[in-house]
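Where a number appears in this text, it was derived from the coordinates with a stated rule and is not lab data. Please read these numbers as outputs of a predicted model, since none were measured by experiment. Cβ placement follows ideal geometry from the backbone for every residue including glycine, while neighbour counts extend to all protein chains displayed.
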Amino acid sequence: MLALLKRYSLFFAALFLLLFSFLILTFYAAEDRDTPFPQKFLLRVSFPLQQKARGLVTWIRHIGEEYIFLVGLREENRELKGLVAGLRQENNRLQELVSAEERLKKLYPLQSDYSGHSTLARIYGRDPSNWFKTVLVDKGSDDDIAKDMAVLGADGLVGRVTEVSSRTAKVLLITDVNSAVDVILQRSRSQAIMEGKREEACILKYVQKSDDVQPGDRVITSGMGGVFPKGLVAGTVSKVDRKRPGIFQYVEVVPAVDFSRLEEVLILGEESKSGP
């Protein structure tokens with residue numbers, strides 16, 4: 001007990017002075033008499049301690065209120081950040097839907113103008129190699145897609161279906177070296193076979209040097225071969241070289257479709273045959 005008193009002697013002394021000063025104040029306030037010198041001295045000594053104690057209590061209460069406020073503010077900030085992140089994701093999703101709808105609007109007229117059955121499809125995969133240029137679409141035999149159907153983009157010819165499963169199909173692009181399309185030059189009506197190159201371009205084969213071919217000429221499908229309907233835009237002549245050996249001139253074509261940005265296509269089924 002003595003050890004405890006010695007250890008906290010300063011604390012107990014301060015506490016005693018505080019209590020004693022409160023008692024004196026209460027006593028003299030009740031008796032309405034002048035305060036003697038010893039009491040005045042004790043009051044003067046204890047007053048700073050009372051002020052500091054009151055300030056300490058006020059500071060502790062203020063710190064507690066600030067801490068509670070900051071904890072609540074931190075939690076509210078965390079909730080607001082989560083809400084903002086969710087709204088951003090929803091905004092991005094809606095923007096993608098709007099962009100997709102804008103792209104599809106370019107295909108709707110092609111679909112309505114086509115006399116046969118046609119199906120809108122989305123591209124979900126591409127061949128990662130440089131040897132084959134193919135894409136995978138999300139429509140298959142369950143959607144009446146069949147091999148050798150023509151595939152269009154909003155700007156022109158994309159390719160043809162080469163493989164079909166129940167829910168997907170593979171499309172060979174016109175830029176693939178294995179692709180061959182019967183075409184004509186719209187201005188001069190010269191006929192040719194358009195084949196793919198290793199680069200994102202095509203060439204026209206069997207164009208005689210006497211044929212009138214100029215850069216800027218539009219190339220369209222001829223309708224020959226039974227795969228591609230006549231009149232589909234395939235591309236534009238970008239280069240002509242008549243000085244090469246042989247009887248044919250070299251003609252290079254830039255496809256009408258930007259395949260790096262292609263996301264939706266229209267797959268053309270068999271055309272309706274009108275008759276008596």
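Using the Cβ-Cβ distance between ILE63 and ASN92 with R0 set to 45 Å, the FRET efficiency works out to roughly 0.55. Our estimate of slack between ASP212 and GLU101, defined as 0.36 nm per intervening residue step minus the Cα-Cα distance, is 35.9 nm. For the pair VAL84 and GLU200, label points projected 7 Å from Cα toward Cβ lie 3.6 nm apart.
Averaging Cα coordinates gives a centre for the stretch 221-276 and one for the stretch 72-115; these two points are 35 Å apart. Each residue in ASP217, ASP212, ASP127 was given a count of other beta-carbon atoms within 10 angstrom of its own, and listing them fewest first yields ASP212, ASP127, ASP217.
Report the calculated FRET efficiency for ARG244 and ASP155 (r = Cβ-Cβ distance, R0 = 35 Å), to the nearest 0.05.
Numbers: r = 30 Å, r/R0 = 0.86.
It comes out at approximately 0.70.
Binning all Cα-Cα separations of the stretch 118-268 at 10 Å, short to long from zero, yields these whole-percent fractions: 12, 42, 31, 12, 3, 0.
Say R0 is 41 Å: what FRET efficiency, to the nearest 0.05, do GLN191 and ASP258 get from their beta-carbon distance?
Step by step, r from the Cβ atoms, then E = 0.95.
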